[in-house]
Amino acid sequence: MTRAERVSRVLADAPTSCQNTLRQAFSGSASPRGAIKAQCLACTGYLRAEIASCTGFGCPLWKFRPYQPGTDESDDGGRA
Ligand code: SF4
């Protein structure tokens with residue numbers, strides 16, 4: 001499978017609310033924070049609550065993950 005095919009598959013499987021975040025990451029136009037958000041969304045099956053409560057303490061992205069309790073992103077009205 002080529003990268004383009006894999007990216008298309010990931011986008012097709014992602015909820016609409018996450019697709020812009022993923023597209024920007026895949027295209028290289030995302031900020032580093034946006035790329036981390038995309039990775040965390042994909043990692044959890046696009047479940048923000050799972051990112052907030054992530055117990056992947058060995059993950060290098062853990063301290064940088066979005067939706068951490070007490071942050072502005074933790075109360076974003078349900079948007080991904
Ligand atoms: S911080 Fe957690 S949700 Fe994000 S990529 Fe790592 S393990 Fe997955």
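Quick note: the coordinates plus some simple rules give every number you see, no bench work behind them. Note that the structure is a prediction, hence the values are computed from the model and not measured. Because the Cβ atoms are built from the backbone with ideal geometry, glycine has one as well, and the counts that use them run over all protein chains shown.
A few notes on this one:
- Two-site FRET efficiency, L11 against S31, from Cβ-Cβ distance with R₀ of 25 Å, rounded to 0.05: 0.85
- Sequence-distant contacts, meaning Cα pairs under 8 Å at least 6 residues apart, place the relative contact order of the chain at 22 percent.
- Relative to the longest principal axis of the Cα atoms of the chain, helix 16-27 runs at roughly 70 degrees.
- Principal-axis analysis of the Cα atoms of the chain puts helix 3-13 at an angle of about 50° to the longest axis.
- Kirkwood Rh, Cα atoms: Rg over Rh of the chain: 0.97
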